[in-house]
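Have a look at the structure below before the remarks.
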Amino acid sequence: MIPAVVLAAGKSSRMGRTKALLPIGSSGETFLTRIIRVLREGGAEAIVVVIGGDAAAVRASLPREDASITAVDNPDYEEGQLSSLLVGLAAVERQDNVEAVMVTLVDLPLISPSTVRSVLDAYRAKPGAPLVRPRQGNRHGHPVIFNHSIFGELRRADPSMGAKPVVRAHAAEEVHVDVDDEGAFIDIDTPEDYERFIRS
């Protein structure tokens, strides 16, 4: 089983508004509900959303009738992204037969279902790989699959450095998935980013 984890606990300090709740067009979708839909369409069977800042509103925005979506609180979300990743790992490990986890960020709402599917397929073709990431040229994007074999390394990582040293340590073994999906690489972090996005 490969559950998905959405890291949506940040303070959104650069945006000035909670990114998880930002609307997308007139469809009624938000960044978070769109990401959940895309993960589901791409093949994710279970989704864990890690929340922190504006937690009550973010939790209330989630589809209530979908039992496969779990929201977990990160009380230490101000300590950075790694703290949320570790909360997500703890949540998925309570489920049965978890061999890996697929992680993405709430500020990448433009990822396509085909990219999610391609990353999952690449992992299933080489299940021993410690990491699977989409790639475009020299850029690496999301979602990222972490094999259960490196969960311990992530837990021991320096919070000030995040997961990057663990990723670099396994660079020679990771599987790259070449994708033609700009959305897998575009962070929407600032009001200017958001304005460009909604005008496009």
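The values are calculated or read from the model by the stated rules, or taken from the named source; none is laboratory data. Since we're looking at a predicted model, the values are computed, not measured. Heads up, the Cβs are rebuilt from the backbone with ideal geometry, glycines too, and the neighbour counts pull from every protein chain shown. Surface areas here come from the heavy atoms of the whole protein model, side chains and all, with no ligands, DNA or RNA. Shrake-Rupley method; radii C 1.70, N 1.55, O 1.52, S 1.80 Å.
Could you please let me know if S112 is hydroxyl-bearing (S, T, Y), surrounded by fewer than 24 Cβ atoms within 10 Å (Cβ to Cβ) and within 15 Å of the chain's Cα centre (by Cα)?
Considered against the rule, which asks whether it is hydroxyl-bearing (S, T, Y), surrounded by fewer than 24 Cβ atoms within 10 Å (Cβ to Cβ) and within 15 Å of the chain's Cα centre (by Cα), S112 comes out as yes.
Within the stretch 131-154, the set of residues being of a type in the set (D, E, K, R) and either under 16 Å from the mean Cα position of the chain (by Cα) or closer than 14 Å to V98 by Cα (or both) comprises R133, R135. Looking across the stretch 133-162 at every residue that is part of a loop (DSSP other than H, G, I, E, B) and touching a strand residue (DSSP E or B) at 6+ places or on another chain (Cβ under 8 Å), the one that is surrounded by the fewest Cβ atoms within 10 Å (Cβ to Cβ) is identified as H142.
For the stretch 85-99, the criterion of being at pLDDT below 90 and either among the small types (G, A, S) or touching a strand residue (DSSP E or B) at 6+ places or on another chain (Cβ under 8 Å) (or both) is met by no residue.
Of everything in the stretch 26-53, what is touching a residue at least 40 places away in the same chain (Cβ under 8 Å) and open to solvent by 70 Å² or more (accessible area, probe 1.4 Å)? Give them in sequence order.
Answer for the stretch 26-53, where residues must be touching a residue at least 40 places away in the same chain (Cβ under 8 Å) and open to solvent by 70 Å² or more (accessible area, probe 1.4 Å): E41, E45.
For the stretch 144-161, indicate whether the set of residues that are modelled with pLDDT of 95 or more and under 27 Å from I198 (Cα atoms) is non-empty. Scanning the stretch 144-161 turns up at least one residue that is modelled with pLDDT of 95 or more and under 27 Å from I198 (Cα atoms). Only one of the numbered conditions (1) among the polar types (S, T, N, Q); (2) part of a helix (DSSP H, G or I); (3) modelled with pLDDT under 95 is violated by S114, and that is (3).
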